[in-house]
Amino acid sequence: MAATYQDITADEMDDFMGYIGFKQADPGHPCGETVYEAPYGEGFRIRVYSTISGGTGRRAGGDAIRVICVNEDNQGFHSTKRVHRTQNWRKNLLSRIDSIHEDVPMPKPCTCGAGIMLPKAGRNGIFLGCSTYPKCRNTQNVEVAQ
């Protein structure tokens, strides 16, 4: 059965985002979206982009809520699947935010300055590699707790 789209008001979105610890950022963002953010690690933020502003969003199916992890230069390096405006939008949004925490557990900047070090699997086991690969090929060994 197909999901039914529902209207989400700007007040509903603001209330929910405040409840989960996100603040509105970047008023007048050039993309025309409302942007919410919360700090994540040192120098990183999780951002939520939404076209819901003023009244409600665009027509049913015409927009969605996006979750992205950005560095201090506002460069996105990890995003999730969109959150559609369905009855379960709050639960789905929390799930996307949780997936950032799972995929990027402890953001650590790469020495190249453009990416972060992400866990990767190689033939010799897990290591950290720059998120801008192949542009940057920096790697680091994973520190294993004994």
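With a sphere of radius 12 Å drawn around the Cβ of residue 38, what net charge do the other residues whose Cβ falls strictly inside it have (Lys, Arg +1; Asp, Glu -1)? Overall, the nearby charge balance is +2. The heavy atoms of residue 20 offer some 50 square angstrom of accessible surface to a 1.4 angstrom probe. Considering only the other residues whose Cβ falls under 13 Å of the Cβ of residue 118, what net charge follows from Lys and Arg at +1 and Asp and Glu at -1? Computed value for this residue: 0. Can you figure out the FRET efficiency of residue 137 with residue 101, using R₀ = 30 Å and their beta-carbon distance, to the nearest 0.05? With R0 = 30 Å, the Cβ-Cβ based efficiency is 0.70.
The values are calculated or read from the model by the stated rules, or taken from the named source; none is laboratory data. Fair warning: this is a prediction, and the values are worked out from it, not measured in the lab. When we count neighbours, we look across all protein chains shown, and the Cβ atoms used for this are built from the backbone with ideal geometry, even at glycine. Surface areas here come from the heavy atoms of the whole protein model, side chains and all, with no ligands, DNA or RNA. Shrake-Rupley method; radii C 1.70, N 1.55, O 1.52, S 1.80 Å.
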